[in-house]
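Right, one structure below, let's go through it.
Each reported figure results from applying straightforward, stated rules to the coordinates on display, with no laboratory input. Please read these numbers as outputs of a predicted model, since none were measured by experiment. Virtual Cβ from ideal backbone geometry, glycine too; neighbours counted across all protein chains shown.
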Amino acid sequence: MSLNRFASLRWQAIARRHPSAFLLAVQLLSLVLYPLFDQVGGGRVVFGAFGVLALALAVWVVNRSPASTWIAWSLAVPAFVLSLLAVLVRSEALLVASSALEALLYFYAAGSLIAYMMSDHQVTADELYAAGATFTLLAWGFAYAFFVCQAWYPGSFAGAVEPARPRVWLELLFLSFTNLSAVGLGDVVPLGAAARVLVMLEQFAGVGYVAVVVSRLIGLTIVRAQER
């Protein structure tokens, strides 16, 4: 067996065992690369490509969890098609529609990963990766929800820089991460009623995630270490 063939099989085995790690890696890599392409004309297309890969990985992760895969595909396929059409025809309405479907997909994948982590009483390495992937899925899902809210209700968000203009994607994602992690840092604030409700729901989700899922994983890890 050649070295290339062996390496390919090895990566396939790792991918089957730890799909959540790949999803987490793609999400974090897109964050690192986005500022490099933010100011160029194709930046949004490049970020969209990472989004499509993340969507595929989200469906892959859902397939590992006790959830119906067809629901994930019914959200991922139209979201992918609409996002491509939005780029090709430069349609804001299609972009909003694809963002709404992506938000639903990310929430669905996050819920499925939570069910996967809560389904047994032993902590595996993939479940630890899933804990990080679930956090990013929730952050992305609420960011897309903020984007849709801003499109439906103009003026929903304001910022320290040019407060009257609509917030760009990275600003909304930054707001989502600060809310979900409860760090309280940020220069974007919700003004409209719908925006404030979304922010409060995300804050509740962030606190609940740490209190229920993360604390359970930590407790099971400690118990496992003590049994050894």
Between LEU201, LEU173, VAL189, whose Cα lies farthest towards the positive end of the dipole of segment 143-228 when Lys and Arg beta carbons carry +1 and Asp and Glu beta carbons carry -1, centred on the Cα centre? LEU201
If I model a spin label at TRP169 and VAL212 as a point 7 Å from the Cα along the Cα→Cβ vector, what separation in nanometres do I get? 3.0 nm
Potential extension, ARG90-THR221 segment - 0.36 nm per residue separation minus Cα distance: 42.3 nm
Considering only PHE146, ALA158, VAL214, whose Cα is most displaced toward the positive end of the charge dipole of segment 92-228, charges sitting on Cβ of Lys, Arg (+1) and Asp, Glu (-1)? VAL214
